[in-house]
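The values are calculated or read from the model by the stated rules, or taken from the named source; none is laboratory data. Given the structure is predicted, the values throughout are model-derived calculations rather than measurements. Neighbour counts are summed over all protein chains in view; Cβ atoms, including those assigned to glycine, are modelled from backbone coordinates with ideal geometry.
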Amino acid sequence: MMVPSSTLPDPTRPATVAAMFGQIAARYDLLNTLMTFGLDAGWRRRAVAAAALPAGGWALDVGTGTGALARALARAAPNAQVIGVDFAAPMLARAARGTSSTGARIRFVRADAQALPFPADTFDCVTSAFTIRNVADRLAAFREQARVLKPGGRVVCLELTWPRAPLFRPVFRAYFRYWVPILGGLLAGSARAYTYLPESVAQFPGPEALAKLLRTAGFVAVRYELLGGGTVALHVGVRP
Ligand SMILES: C[S@@+](CC[C@H](N)C(=O)[O-])C[C@H]1O[C@@H](n2cnc3c(N)ncnc32)[C@H](O)[C@@H]1O
């Protein structure tokens, strides 16, 4: 299922990216589970552990989508307050529906990752899962995350990355560039969104470059680990 690259959303025009995510919101969770063979839940658990949100603390999840990571954060820390932001309203509508057990402690706010509507020094941790790749100015977004974190607070970034293992790369390429758009077309009604997905990963900086970007944004003690056979990178840093 080939979609011409000229018709894919342009990451430098946030409205086109927001519209694309809005269109796939209804089937987003199903596709995630199928595409990752259910591994995505475990990756989010690793992100929650890395965030080390204290009991009663404040967490921000950027590009929260349907709110899976925001809910996992709220479940992990008693009495913690969690805010999820996203610029796609249909994603936030689905997120709000899924908060029955943790509802009082989670709020969802429509906002752009590059201009977070929160005061400085507010949060104990700021997380993002599969978001930063879609943001036009990633350095600006990380600087915003540093600004709203309290000193000593943690930034956690979970993102897809192209695997390094020479034997696995062609298998992953075939799966990601061929089967994922077919799955997206059949189940989410958008081969376009699921063609944009591998294209955006191919253009995204590798883990070392992303670690450097986090340091440039002001974070210290930046480290990362690779998950999912080297297809996912989990970066963690600290605001000094
Ligand atoms: C691939 S989804 C990930 C959703 C969720 N974090 C997860 O783990 O499933 C990316 C989300 O980031 C949001 N997003 C992308 N760029 C954004 C931006 N500049 N500001 C706010 N949200 C953004 C999209 O609307 C989408 O819901």
Q: Taking Arg177 as meeting all but one of (1) surrounded by 15 or more Cβ atoms within 10 Å (Cβ to Cβ); (2) modelled with pLDDT of 90 or more; (3) assigned to a helix (DSSP H, G or I); (4) out of contact with any strand residue (DSSP E or B) (no Cβ under 6 Å at 6 or more places or on another chain), write down the number of the exception.
A: (2)
Q.
Among the residues of region 186-205, are any surrounded by 14 or more Cβ atoms within 10 Å (Cβ to Cβ), assigned to a helix (DSSP H, G or I) and modelled with pLDDT of 95 or more?
A. no
Q) Applying the selection to region 203-225, what residues are within 16 Å of the chain's Cα centre (by Cα) and among the small types (Gly, Ala, Ser)? A) Gly206, Ala211
(Q) Only one of Ala70, Ala89, Ala59, Ala96 is modelled with pLDDT of 95 or more, surrounded by fewer than 20 Cβ atoms within 10 Å (Cβ to Cβ) and of a type in the set (Gly, Ala, Ser). Can you tell me which? (A) Ala89
**Q.** Scan of region 42-84 for residues that are more than 11 Å from Ala129 (Cα to Cα), outside any strand (DSSP E or B), in contact with a helix residue (DSSP H, G or I) (Cβ under 8 Å, 6 or more places away or on another chain) and touching a residue at least 60 places away in the same chain (Cβ under 8 Å), ordered by number
**A.** Ala51, Leu53
Q. Within region 130-139, is even one residue over 18 Å from the mean Cα position of the chain (by Cα) and either in contact (Cβ under 8 Å) with a residue 40 or more places away in the chain or more than 10 Å from the ligand (Cβ to nearest atom) (or both)?
A. no
Q | Filter result (part of a loop (DSSP other than H, G, I, E, B) and more than 14 Å from Ala211 (Cα to Cα)) within region 132-174 | A | Val135, Ala136, Asp137, Trp162, Pro163, Arg164, Ala165, Pro166, Leu167
Q) In region 174-190, which residues are of a type in the set (Gly, Ala, Ser) and over 16 Å from Asp29 (Cα atoms)? A) Ala174
Q | Every residue from region 99-115 that is more than 9 Å from the ligand (Cβ to nearest atom) and either free of Cβ contacts under 8 Å to residues at least 12 places away in the same chain or crowded, with 16+ Cβ neighbours inside 10 Å (or both) | A | Thr99, Ser100, Thr102, Gly103, Ala104, Arg105, Ile106, Phe108
